[in-house]
Amino acid sequence: MTDAPRDDDAERRAFATHVAEWLRAHLPTPPAFALPATPREVQTEQQHEWLRAWQRACWEAELVGCDVPREYGGHGRRGLQATASRALREAGAPFLVNLVALQMACPTILAHGTEAQKRRFVPGCLSADEIWCQGFSEPNAGSDLASVQCRASVRDGVWRVDGHKVWTTLARFADWMILLARTEPGAQKHAGLTYFLCPIKGHSGVTVRPLVKLTGELGFNEVLFDDVAVADELRLDERGRGWQVAMTTLLHERGAAESAGGGLAVPASPLDALVALARRVPRGTSPAIEDPWVRDRLVSLMLTARALAAHQARARVPALCDHPLRLPLQAKLLTTEWAQALAHLEMELQGAGGALLVAEPNAEQGGARSYLGSYGMTIAAGTSEIQRNILAERVLELPRHR
């Protein structure tokens, strides 16, 4: 005998039906211009505005910000964001361009912001009316985040920021930045930081310079601050607590906490596309799919994908989560390295054609571009080495290597 469905089960089923029906009616056809694969490859205003309009449509349809309270621009339907995000992914929907806002700024503001900050900033994060970027990494402070040297000091009642941030996704289009700056120069490095919500678009003293990646694209940027004024009401949490606030951001960026706003930046089924490629391209005199070596690589990737799906299912069962960091950090580490292995095989299957740019005749999707770009994911939010160290020290409680 089974238990009768609970009210929240009925709500979840009704919501899943709403999402499926809305996507069937509104999933956009590809535009005449090429769309980027992720927010890190957005290069033109045309791409940017098309993707902003898509995110706003998803927000208006209650597919974004499901778990966020209504007073902050959300839809007050706690526990349903995962349903919407999964449906978007499975439908092959375009990604949500304001990813930094959804996965980092929004949950951090909800956790640490004042009531006024939540009401002011969260709605624009969800609707993509205001685009956000992340100001953590610096030329001499990448994985060692506590060593940032961008400084903020109070003069005439206003914070003045000077410094240099780098690898800043979407900075060319961003209105705001979540900024970590050193405010107590004499303090121990973790204790001397403060977290700000910093205006950057058109703001005096802010210079944004695109960085050319290995792929020839301009997805990353460097941002320079020269005596930039930031009002004290844009400080998030207390002065000197920037490290603690930044850890909230990183928990969400690494997937160790679910982001209430949503966010999507991965293709729905890259394995399907890879299998289709193997059927299409030759290897010797036969399709590559008939080569035992290729089939072995494909099956290995498929098995890993099944394991990762089981891993995600396990993470949704509290009784199976013995440590709050174990499963999310493992997922970040393994998923990004799996995606890199997939892109590597994709490039190999294309042979010399993998070096062609997407816009060139006979070019396939992916190739060397996807492979080179995959390194961004194994670096972002802490390198794979950093993830392994955190798992070793904080989860397995192994001694720190010195």
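The values are calculated or read from the model by the stated rules, or taken from the named source; none is laboratory data. Only a predicted model underlies this, so the values are computations on that prediction, with no experimental measurement involved. A quick note on method: Cβ atoms are made from the backbone with ideal geometry, for glycine too, and the neighbour counts reach across all protein chains shown.
Suppose the filter is outside any loop (DSSP other than H, G, I, E, B) and either more than 30 Å from residue 51 (Cβ to Cβ) or modelled with pLDDT of 90 or more (or both); does residue 275 pass it? Judged against the criteria, residue 275 is not a match.
Checked against the criterion of being out of contact with any Phe, Trp or Tyr (no Cβ under 8 Å at 6 or more places or on another chain) and buried (at least 23 other Cβ atoms within 10 Å of the Cβ), the candidates 55, 117 yield just one match: 55.
Okay, residues lined up against (1) assigned to a helix (DSSP H, G or I); (2) at pLDDT below 85; (3) of a type in the set (Lys, Arg):
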| site | (1), (2), (3) |
| --- | --- |
| 2 | no, yes, no |
| 5 | no, yes, no |
| 11 | yes, no, no |
| 17 | yes, no, no |
| 23 | yes, no, no |
| 33 | no, no, no |
| 36 | no, yes, no |
| 40 | yes, yes, yes |
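Each residue in segment 238-254 was checked for being surrounded by 18 or more Cβ atoms within 10 Å (Cβ to Cβ) and not in a helix (DSSP H, G or I), and 1 of them qualify. Residues of segment 193-222 that are of a type in the set (Ser, Thr, Tyr), farther than 18 Å from residue 167 by Cβ and part of a loop (DSSP other than H, G, I, E, B): 204 alone.
Touching a Gly at 6+ places or on another chain (Cβ under 9 Å), in the same structural domain as residue 249 (by TED's automatic domain parsing) and within 23 Å of residue 49 (Cβ to Cβ): which single residue out of 165, 213 fits that description? It is 213. If you go through segment 100-114 and keep only what is over 14 Å from residue 65 (Cβ atoms) and surrounded by 24 or more Cβ atoms within 10 Å (Cβ to Cβ), you end up with 100, 104, 108. For segment 123-147, a residue qualifies if it is surrounded by 19 or more Cβ atoms within 10 Å (Cβ to Cβ) and among the small types (Gly, Ala, Ser), and the qualifying residues are 124, 127, 128, 135, 137, 141. Among (1) crowded, with 17+ Cβ neighbours inside 10 Å; (2) at pLDDT 85 or above; (3) under 25 Å from the mean Cα position of the chain (by Cα), there is one condition residue 344 misses while meeting the rest; what is its number? Just one mismatch for residue 344, condition (1). For segment 172-182, taking the residues that are out of contact with any helix residue (DSSP H, G or I) (no Cβ under 6 Å at 6 or more places or on another chain) and either at pLDDT 95 or above or β-branched (Val, Ile, Thr) (or both), the one that is farthest from residue 207 (Cα to Cα) is identified as 182.
If the condition is being in contact with a Leu (Cβ under 7 Å, 6 or more places away or on another chain) and modelled with pLDDT under 95, then segment 148-171 contributes only 148. Output the residue which, of all residues in segment 155-207 that are over 29 Å from residue 42 (Cβ atoms) and in contact (Cβ under 8 Å) with a residue 60 or more places away in the chain, is farthest from the chain's Cα centre (by Cα). The residue in question is 157. Scanning segment 284-306 for residues that are assigned to a helix (DSSP H, G or I) and of a type in the set (D, E, K, R), we see that the one that is farthest from residue 343 (Cα to Cα) is 290.
Answer yes or no: is there a residue in segment 159-182 that is over 30 Å from residue 370 (Cβ atoms), among the β-branched types (Val, Ile, Thr) and assigned to a strand (DSSP E or B). Taking every residue of segment 159-182 in turn, at least one turns out to be over 30 Å from residue 370 (Cβ atoms), among the β-branched types (Val, Ile, Thr) and assigned to a strand (DSSP E or B). If the condition is being under 12 Å from residue 198 (Cβ atoms) and either acidic (Asp, Glu) or in a strand (DSSP E or B) (or both), then segment 147-158 contributes only 152.
On inspection, residue 210 qualifies as touching a residue at least 12 places away in the same chain (Cβ under 8 Å) and within 20 Å of the chain's Cα centre (by Cα).
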